[in-house]
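See below for the structure under consideration.
The values are calculated or read from the model by the stated rules, or taken from the named source; none is laboratory data. Because the structure is a prediction, the values reported are computed rather than measured. Glycine gets a Cβ as well: all are built from the backbone with ideal geometry, and neighbour counts include every protein chain shown. When the accessible area is computed, the model is the full protein with side chains, heavy atoms only, and any ligands, DNA or RNA have been set aside. Shrake-Rupley method; radii C 1.70, N 1.55, O 1.52, S 1.80 Å.
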Amino acid sequence: MITKIVIIDDHQLFREGVKRILEFEKSFQVVAEGDDGTEALALVEEHRPDVVIMDINMPQMNGVEATRELIEKYPKTKVIILSIHDDENYVTHALQTGAMGYLLKEMDADALIEAVRVVADGGSYLHPKVTHNLVNEYRKLAAGVSRGGSYVPAADIRRPLHLLTRRECEVLQMLADGKSNRGIGEALYISEKTVKNHVSNILQKMNVNDRTQAVVSAIKNGWVEVR
């Protein structure tokens with residue numbers, strides 16, 4: 001199946017770079033491009049894409065406002081926000097409007113392709129650095145709750161060896177650390193393809209849809225160290 005994509009970004013050179021990366025994938029088709037949130041609404045009406053890649057900072061109508069309107073009018077359209085901001089407030093705000101993904105513009109080609117695939121399949125995708133920041137924010141909040149809360153100190157970490165292999169536990173910890181597939185592969189001296197296989201197995205065994213849900217669930221269960 002072909003995934004139809006619309007790219008909205010007011011920087012033409014960056015937009016062209018994103019398009020060039022996506023067009024390497026035979027299952028992706030960039031059907032339209034625009035440079036403003038208002039134009040995004042018209043392009044979605046015309047092309048009915050599966051995924052919209054949306055810059056967060058644009059003139060007239062920014063990406064967050066455009067996403068909110070898009071989701072209201074076309075609830076089946078999935079939006080990935082592009083941003084230079086890794087602050088959790090930006091991320092939370094974007095996700096609250098209905099965006100399914102949040103990528104930093106420092107992303108590499110593999111992260112962009114993976115994000116589109118995951119979101120097109122109904123999952124959510126956050127840039128690894130963003131995931132790490134959200135985990136840190138969770139740690140701060142959790143540290144303030146009473147001892148009866150859900151926070152598990154590092155000393156009480158219990159690896160889920162009843163569910164995952166030792167290697168999968170290592171990969172899960174690195175997901176919580178905010179590492180990308182490439183970073184995990186380099187740290188463990190394995191290929192990115194092998195990392196992707198481990199991540200897929202982890203998601204299946206934990207019964208979650210994406211890596212962000214896996215990290216959040218692992219933190220709540222005390223399966224990873226939040227550091």
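Of V135, V91, V145, which residue is open to solvent by 60 Å² or more (accessible area, probe 1.4 Å), farther than 19 Å from E16 by Cβ and modelled with pLDDT under 85?
On inspection, the qualifying residue turns out to be V145.
Restricting attention to region 174-201, report how many residues are among the charged types (D, E, K, R), without any contact (Cβ under 8 Å) to a residue 60 or more places away in the chain and more than 21 Å from W223 (Cα to Cα).
2
Which condition breaks for I71 when tested against (1) over 22 Å from E39 (Cα atoms); (2) part of a helix (DSSP H, G or I); (3) of a type in the set (A, V, I, L, M)?
Among (1) over 22 Å from E39 (Cα atoms); (2) part of a helix (DSSP H, G or I); (3) of a type in the set (A, V, I, L, M), I71 violates only (1).
Of the numbered conditions (1) under 18 Å from V130 (Cβ atoms); (2) open to solvent by 10 Å² or more (accessible area, probe 1.4 Å), A214 satisfies every one except a single condition; which is it?
Among (1) under 18 Å from V130 (Cβ atoms); (2) open to solvent by 10 Å² or more (accessible area, probe 1.4 Å), the lone unmet condition for A214 is (2).
Among the residues that make up region 46-63, is at least one of them out of contact with any strand residue (DSSP E or B) (no Cβ under 8 Å at 6 or more places or on another chain), in a helix (DSSP H, G or I) and not aromatic (F, W, Y)?
No, every residue in region 46-63 fails to be out of contact with any strand residue (DSSP E or B) (no Cβ under 8 Å at 6 or more places or on another chain), in a helix (DSSP H, G or I) and not aromatic (F, W, Y).
Return the residues of region 78-119 that are within 20 Å of D10 (Cα to Cα), of a type outside the set (D, E) and part of a loop (DSSP other than H, G, I, E, B); say none if nothing qualifies.
I84, H85, A99, K105, M107
Tell me the residue from R68, R48, R15 that is under 19 Å from E114 (Cα atoms) and of a type outside the set (S, T, Y), please.
Just a single option satisfies the conditions, and that option is R15.
Could you list, in sequence order, all residues of region 49-63 that are open to solvent by 40 Å² or more (accessible area, probe 1.4 Å) and within 22 Å of the chain's Cα centre (by Cα)?
Correct list: D50, N57, N62.
Among the residues of region 173-189, are any among the charged types (D, E, K, R), at negative phi, exposed (fewer than 14 other Cβ atoms within 10 Å of the Cβ) and modelled with pLDDT of 90 or more?
Yes, there is a match, as at least one residue in region 173-189 is among the charged types (D, E, K, R), at negative phi, exposed (fewer than 14 other Cβ atoms within 10 Å of the Cβ) and modelled with pLDDT of 90 or more.
Can you pull out every residue in region 1-37 that is without any contact (Cβ under 8 Å) to a residue 60 or more places away in the chain, farther than 26 Å from E65 by Cβ and either in contact with a strand residue (DSSP E or B) (Cβ under 7 Å, 6 or more places away or on another chain) or open to solvent by less than 70 Å² (accessible area, probe 1.4 Å) (or both)?
I2, E23, S27, Q29
Could you pull out the residue among A99, A42 that is hydrophobic (A, V, I, L, M, F, W, C) and over 20 Å from the mean Cα position of the chain (by Cα)?
Answer to the selection: A42.
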